[in-house]
1. Any idea which of Leu279, Leu286, Leu323, Leu292 is touching a residue at least 60 places away in the same chain (Cβ under 8 Å) and surrounded by 14 or more Cβ atoms within 10 Å (Cβ to Cβ)?
2. Return yes when Val33 is within 20 Å of the chain's Cα centre (by Cα) and either in a helix (DSSP H, G or I) or modelled with pLDDT of 95 or more (or both) and no when it is not.
3. Please state which of the following conditions Arg27 fails to meet, knowing it meets all the rest: (1) over 24 Å from Ala163 (Cβ atoms); (2) surrounded by fewer than 13 Cβ atoms within 10 Å (Cβ to Cβ).
4. Sort out which residues of region 6-30 are more than 13 Å from Ile95 (Cα to Cα), assigned to a helix (DSSP H, G or I), in contact (Cβ under 8 Å) with a residue 60 or more places away in the chain and not hydrophobic (A, V, I, L, M, F, W, C), and write them in order of number.
5. How about region 63-137: which helices (runs of 4 or more DSSP H) wholly inside it have at least 3 residues that are touching a Lys or Arg at 6+ places or on another chain (Cβ under 9 Å)?
6. Could you tell me whether Val147 is in a helix (DSSP H, G or I) and either among the β-branched types (Val, Ile, Thr) or not assigned by TED's automatic domain parsing to the domain that holds Arg18 (or both)?
7. Does region 295-302 contain any residue that is farther than 30 Å from Asn48 by Cα, within 18 Å of the chain's Cα centre (by Cα) and modelled with pLDDT of 95 or more?
8. If Leu66 satisfies every condition in (1) farther than 29 Å from Ile192 by Cβ; (2) surrounded by fewer than 17 Cβ atoms within 10 Å (Cβ to Cβ); (3) touching a Leu at 6+ places or on another chain (Cβ under 7 Å) but one, which is the exception?
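The values are calculated or read from the model by the stated rules, or taken from the named source; none is laboratory data. For clarity, every value in this text was computed on a predicted model and none was experimentally measured. As a convention, Cβ positions derive from the backbone with ideal geometry for all residues, glycine included, and neighbour counts pool all protein chains shown.
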Amino acid sequence: MKACMVAYTLYEMDNRVRRYAEALAERGDDVDVYVLGKPGQPRQGVLNGVRIHRIQTRVRNEKKPLTYLAKLLLFLLRSSLVLAKKSFRERYDVIHVHSVPDFEVFAALVPKWMGSKIILDIHDIVPEFYASKFRTGRDSLVFKTLVLMEKLSIAFSDHAIIANHLWYETLTSRSVVPGKCTVVMNYPDISIFRRSGRTRDDGKFVTKPLQEIAAVMAEADAGIVPKRAVSFGNEAFSTKIPEFMAVGVPIIASSTMIDRYYFNDSQILFFKSEDVDDLASKMGMLIEDAELRSRLVENGDAYIRENNWDVKRNEYFELIRSL
């Protein structure tokens, strides 16, 4: 099968996009990705059997809405031209488009007309993401326009992937019928995130590339995942929680709607969001109670044995087969 990923992201830094692409390449599929690049990076490359095409450079995170939109539209134009040209030479069987933005799926207009199947992967629900990033209300014209674009984008695709079950409920209530979408979470890859012996020297602060982060996490005494339990953060799933579980580290996390949906008090030591005193108290509890640490690690490990990429990627393969 010939497949491609399209994403407004830096491929090497985006483990979700990489996981899909490398899973397909590993089983023998021919895979291209069309993504952003850093200044100075070569326009093309190969990583773990996946061909990388860097069609636009991203210098920094955009702060203003119009600047952000301009960059997204430029990427849409470039990816549309690349995919159209490719389709006339050799058609892709499946094109997997990752949001943000949702409208990037229309880059596959010509390939869809020529028979390619299109998946829209909604990592973040765009109206709520925009409202959080640029501080706009749900009653604003921009928010309502983004909801309309969400509906049109999903309607154009052959199938939608949604990042968690809370967003599944949101999207099926306003933009898509249940039969046209599937939840595929960003599960940890246990070939990367696994338990290992601790060899660290305390007190150093260094930056590491994505491929080395798992080893750094494994040497922590505790994983702390603080989020605000409001708006977007209340429903955005933190992949760091299952990753800490996979490397055998006990977790202290904010009590948010999304994390309470997937986890319970036997797996995570929760603290009240934005309450630094409660966080300090829970840190003290974890330091003092070895039995609590062991119990959290054991229950987290049980969760990961059933919820990891090795187990769940077959659901993605089955989705592709069904298109």
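1. When all the criteria are applied, what remains is Leu286.
2. Taking the combined requirement at face value, the residue satisfies it.
3. (1)
4. The answer is Glu12, Asn15, Arg16, Arg19.
5. 65-89, 126-134
6. So Val147 fits the description; yes.
7. For region 295-302, residues farther than 30 Å from Asn48 by Cα, within 18 Å of the chain's Cα centre (by Cα) and modelled with pLDDT of 95 or more: absent.
8. (3)
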